[in-house]
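Structure first, then comments.
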Amino acid sequence: MAEYKGVMVYCEAAEGRLLPIATELLGCGKKLAGDLGEELCAVLLGANVSSVAQEAITFGADKAYVVNDPQLGDYQTDSYVAALEKVVKEVMPQIVLMGQTSVGRDLAPRLAFRLDPAASMDCIDLAIDPESKRLLQTRPVYGGNAQATFTYDSDPQIATVRAKAMSPLEADPSRQGEVITIDAGLDPQAIRTRVLEKVPEEVAGIKLEDANAVICGGRGIGTAEGFKELEELARILKGAVGATRPPCDNGWVPDSAQVGLTGKIVAPDLYIGIALSGSSQHMSGCSGSKNIIAINKDPEANIFKEARYGVVGDWKKVVPAFRDKVKELLTE
Amino acid sequence: MNMIVCVKQVIDPEAPPASFKIDSASNKVVPPPGVSPVISPFDEQSVEAALRIRDAQGGKITVISMGVNLLRDVVKKPLAMGADELILLEDDAFTEGDSWSTAYALAMAIKKIGDYDLIFCGRQAADWDAGQVGSGIAEILGLPSVTVAKKVETADGKAKVERVTADGYEVVEVSLPALITVSNELGEPRYPTMKGIMAAKKKEPAIWKPADIGVEPAQVGTAGRRTRIVKLFQPVREGKCEIISGETPEEAAVGLATKLREAKIL
Ligand SMILES: Cc1cc2nc3c(=O)[nH]c(=O)nc-3n(C[C@H](O)[C@H](O)[C@H](O)COP(=O)(O)OP(=O)(O)OC[C@H]3O[C@@H](n4cnc5c(N)ncnc54)[C@H](O)[C@@H]3O)c2cc1C
């Protein structure tokens with residue numbers, strides 16, 4: 001029987017470029033492959049993704065497998081699972097990594113149950129056990145209140161990885177690697193869904209995930225108008241506004257502003273949490289920030305346990321004065 | 001429209017983080033004393049999704065919950081909200097499963113129910129947060145799935161699902177029967193009415209054991225696990241927050257800005 005060998009990274013791309021999560025996965029995959037003394041390969045699925053293969057190689061892949069098919073234009077569970085299943089069965093990697101993204105969340109469990117049922121979702125640390133050579137998969141559980149390290153015995157070992165948890169390698173344009181095309185072999189009858197429409201939620205300004213400063217508001221902001229005040233602070237700091245879940249659920253901000261376990265992952269230089277308690281689920285999305293600042297009227301709020309600096313007080317009084325002073329300091 | 005909703009009883013995820021404790025010797029979570037368990041919030045939203053469809057076009061909603069020590073007041077909440085029937089997979093053999101053994105047992109229970117158009121699960125359970133069971137059930141039963149839904153409507157043997165993505169949502173059409181996982185963007189689940197609570201009190205759940213769904217105890221719960229927990233631990237938080245104070249909130253605010261400038265954070 002053939003042996004499972006090597007590390008495979010499923011790379012998401014958009015507009016002809018790898019997404020940041022794909023470069024992070026390649027960085028992590030390279031290290032794991034090195035520890036195993038095996039190869040790292042990238043897989044690209046889409047309607048026309050050949051041009052991205054070379055980029056995956058510059059970020060560390062030894063080989064890139066490309067599957068082009070018009071039926072892979074939109075992400076759909078049935079077509080993507082079938083195509084990736086085919087690639088995995090041909091290549092037989094020991095480890096398959098994907099991002100904990102809209103796609104990875106849907107694709108990984110279904111692929112795992114199809115191939116051999118085990119996957120770990122939303123990992124923040126992956127390592128090779130020096131003795132057993134198995135993959136140790138560490139992921140937050142209970143909303144981030146705890147972490148657990150999992151392992152399992154069958155191959156391939158499938159894991160999704162949280163955004164910004166791993167570091168990409170420097171892109172090296174001189175790196176060489178083989179690009180291999182695989183036929184998707186899709187049966188159109190087996191695709192039981194159809195994407196009718198894609199509705200983007202437009203957010204003006206800097207993207208939350210890319211911002212160097214993130215101003216997050218919580219339930220205590222109380223209204224959509226309150227968030228306008230945070231936007232002004234964000235403008236001065238050249239940052240973006242995020243939120244905990246209640247402001248999204250209440251429609252004060254779009255759903256896409258949610259930061260946390262089931263929202264966006266941010267890791268800016270400066271994160272300011274205002275009128276939010278610092279639930280473990282929210283902190284899961286921002287605890288990687290370099291400097292966490294808290295403004296909350298409750299001195300016992302959990303956010304103060306994670307913050308570096310804080311002010312205890314009503315945000316309606318604190319934020320305007322803070323904003324004016326910041327503006328003054330930044331224009332000096 | 002015959003609908004099945006899978007719900008899980010969990011430790012209240014909104015309990016204060018400070019109350020969260022683990023026993024590292026046994027790699028288990030210690031339930032916080034005095035905090036009642038709840039239905040995992042995304043599962044309540046799944047019940048709501050099913051109720052909305054029944055409101056619009058009629059149908060039947062069967063709820064399945066698996067575990068041990070299932071508090072009747074907790075697991076009967078979907079009935080109080082308006083669901084028609086409750087089946088409990090309640091047996092020691094069903095405990096401490098992983099995504100695989102859980103999905104397998106639920107899939108076998110659903111197979112036994114047999115007649116269904118839509119199966120709903122929460123996008124992830126609020127304890128282990130894996131988000132695999134819904135997709136797993138669909139794969140075992142050979143059904144299409146759409147995950148992280150915020151709206152579900154059905155017509156002509158199909159469901160139209162709004163699926164939440166990172167930067168908005170997409171509208172996906174899926175043939176029935178299908179499995180759908182639900183997210184909080186669906187909106188608040190309804191509160192049980194007094195009438196609903198009274199009706200739920202009178203309803204006795206059906207209790208199913210492994211033999212009732214045609215599985216060996218070795219295939220479910222702990223025995224059926226594919227994954228091993230090597231270690232369960234609580235991350236250490238530094239907890240060295242410097243509180244900037246002042247005579248007034250405004251003064252503290254100015255102090256904070258100055259401090260951030262000095263620390264070269266600004
Ligand atoms: C499975 C699961 C996943 C979840 N995923 C996420 C997620 O991705 N992101 C997320 O954010 N949440 C998530 N949640 C919800 C999470 O558990 C919390 O409910 C939520 O983060 C609380 O938001 P909050 O801190 O804004 O509200 P609260 O906890 O209600 O805190 C409000 C805070 O505002 C303070 N405050 C009120 N008024 C003022 C004032 N005038 N001035 C100053 N301070 C004031 C209060 O002191 C309090 O500390 C999830 C929950 C579950 C179960």
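Excluding B:Ser101 itself, calculate the net charge of residues whose Cβ lies under 13 Å from the Cβ of B:Ser101, where each Lys or Arg counts +1 and each Asp or Glu counts -1. Write down the numbers at each step before the final one.
Numbers: positive: B:Arg225, B:Arg226, B:Arg228; negative: B:Asp91, B:Glu96, B:Asp98, B:Glu216.
Result for the neighbourhood of B:Ser101: -1.
Under a crude label model (7 Å from the Cα following the beta-carbon direction), how far is B:Met198 from B:Ala223 in nanometres?
4.5 nm
Could you pull out the pairs from A:Lys238/B:Lys240; B:Lys77/B:Lys201; A:Lys86/A:Lys198 whose alpha carbons sit more than 19 Å apart here? It would help to have the intermediate numbers written out before the result.
Details: A:Lys238/B:Lys240 27 Å; B:Lys77/B:Lys201 10 Å; A:Lys86/A:Lys198 27 Å.
Checking Cα-Cα distances, A:Lys238/B:Lys240; A:Lys86/A:Lys198 exceed 19 Å.
Tell me the label-point distance for the pair B:Val35, A:Asp269, using the 7 Å Cα-to-Cβ offset, in nm and rounded to one decimal.
3.7 nm
Got a sec? Which residues in region A:63-83 would a label at B:Ala166 touch, if it sits 7 Å along Cα→Cβ and we count backbone N under 15 Å?
Within reach of a label on B:Ala166, which here means backbone N under 15 Å from a point 7 Å along Cα→Cβ, region A:63-83 contributes A:75.
When averaged across all projection directions, what area in nm² does the alpha-carbon convex hull of chain A cover?
Values: hull surface 76.5 nm².
Average of the hull's projected areas for chain A equals 19.1 nm².
Given a 1.4 Å probe, show me the residues in region B:155-169 buried by at least 20 Å² of accessible surface when comparing the whole protein assembly to the chain alone.
The answer is B:Arg163, B:Ala166, B:Asp167, B:Gly168, B:Tyr169.
Kindly rank B:245-253, A:32-40, B:79-87 from highest to lowest mean number of other beta carbons found within 10 Å of each residue.
Numbers: B:245-253: 16.9, A:32-40: 18.4, B:79-87: 21.1.
Final packing ranking: B:79-87, A:32-40, B:245-253.
What is the extension gain from A:Ser174 to A:Asp298, computed as 0.36 nm multiplied by their sequence separation minus the C-alpha to C-alpha distance, in nm to one decimal? Walk me through the numbers before you get to the answer.
Working: separation 124, 0.36 × 124 = 44.64 nm, distance 5.48 nm.
Gain in length upon complete extension: 39.2 nm.
Starting from one equal scatterer on each C-alpha and no solvent at all, send me the Debye-based log10 I(q)/I(0) for region A:4-117 at q = 0.13, 0.16 Å⁻¹, two decimals.
-0.42, -0.65
Amide H to amide H, which residues 5 or more places from A:Leu169 or on other chains are under 5 Å from it, using H placed in the peptide plane?
Residues meeting the amide H criterion: A:Gly27.
Please compute the average number of Cβ atoms from other chains found within 10 Å of each residue's Cβ in peptide B:15-21. Each step should come with its number before you reach the end.
Working: counts 5, 6, 13, 4, 1, 6, 2.
Across B:15-21, the average partner-chain Cβ count within 10 Å equals 5.
For chain A, what is the percent of antiparallel DSSP beta bridges, rounded to the nearest 5?
Values: 11 of 56 bridges.
Taking every DSSP beta bridge with both residues in chain A, the antiparallel ones total about 20 percent.
To the nearest 10 square angstrom, how much accessible area does A:Lys305 have with a 1.4 angstrom probe?
Solvent-accessible area, nearest 10 Å²: 100 Å².
How do B:Lys264, B:Lys209 rank by accessible surface area computed with a 1.4 Å probe, from largest to smallest? Each step should come with its number before you reach the end.
Working: B:Lys264 170, B:Lys209 85 Å².
From most accessible down to least: B:Lys264, B:Lys209.
Just to confirm the number: angle between the C-alpha axis of helix A:102-115 and the first principal axis of chain A, 0 to 90 degrees, nearest 10?
40 degrees
How much of the accessible area of region A:208-331, in percent, comes from carbon and sulfur atoms when a 1.4 Å probe is used? Don't skip to the answer; put the middle values down first.
Details: 2110 of 4610 Å².
Carbon and sulfur atoms account for 46 percent of the accessible area of region A:208-331.
In percent, what relative contact order does chain A have, based on Cα pairs under 8 Å that are 6 or more apart in sequence?
Numbers: 721 pairs, mean separation 46.3, N = 332.
Computed value for chain A: 14 percent relative contact order.
Counting only protein heavy atoms and a 1.4 Å probe, tell me what percentage of region A:42-173's accessible area is made up of carbon and sulfur.
Roughly 48 percent, rounded to a whole number.
Roughly how large is the B-A contact in terms of buried accessible area, totalled over both chains, probe 1.4 Å, nearest 100 Å²? Let's see the in-between values first.
Values: alone 15140 and 16640 Å², together 24760 Å².
Accessible area lost upon association: around 7000 Å².
Keeping all protein chains in place, calculate the accessible area per residue for the protein assembly as shown (probe 1.4 angstrom), answer in Å². All intermediate terms of the calculation are to be shown ahead of the outcome.
Details: 24760 Å² over 598 residues.
Spelled out: the 1.4 Å probe surface of the protein assembly as shown, per residue, equals 41 Å².
Taking 8 Å as the Cα distance limit and 6 or more residues as the minimum spacing, I'd like the relative contact order of region A:208-331 as a percentage.
23 percent
On the protein heavy atoms, probe 1.4 angstrom, tell me the percent of accessible surface of chain B carried by carbon and sulfur. Kindly include the intermediate steps, with their values, before the conclusion.
Numbers: 5960 of 11640 Å².
In chain B, the share of accessible area belonging to carbon and sulfur is 51 percent.
Under a plain spin-label model, where a point goes 7 Å from the Cα along Cα-to-Cβ, how far apart in nm are A:Glu202 and A:Asp153?
It is 5.7 nm.
Would you mind classifying the protein assembly as shown by shape? Square roots of the alpha carbon gyration tensor eigenvalues, ordered a ≥ b ≥ c; an a/c under 1.5 is rounded, otherwise it is prolate if a/b is larger than b/c and oblate if not.
Details: a/c = 1.58, a/b = 1.14, b/c = 1.38.
Here the protein assembly as shown falls in the oblate category.
Given region B:143-266, what percent of its DSSP beta bridges are antiparallel, to the nearest 5? Could the numbers behind the result be given before it?
Details: 14 of 17 bridges.
Of the beta bridges lying entirely in region B:143-266, close to 80 percent run antiparallel.
Between A:Lys86 and B:Lys112, take the C-beta separation as r, use R0 = 30 Å, and let me know the FRET efficiency to the nearest 0.05. Don't skip to the end; give the middle numbers.
Numbers: r = 33 Å, r/R0 = 1.10.
Once rounded, the FRET efficiency stands at 0.35.
The values are calculated or read from the model by the stated rules, or taken from the named source; none is laboratory data. The structure displayed is predicted, hence computed values, not measured ones. Heads up, the Cβs are rebuilt from the backbone with ideal geometry, glycines too, and the neighbour counts pull from every protein chain shown. These accessible areas exclude ligands, DNA and RNA; they are computed on the full protein's heavy atoms, side chains included. Shrake-Rupley method; radii C 1.70, N 1.55, O 1.52, S 1.80 Å.
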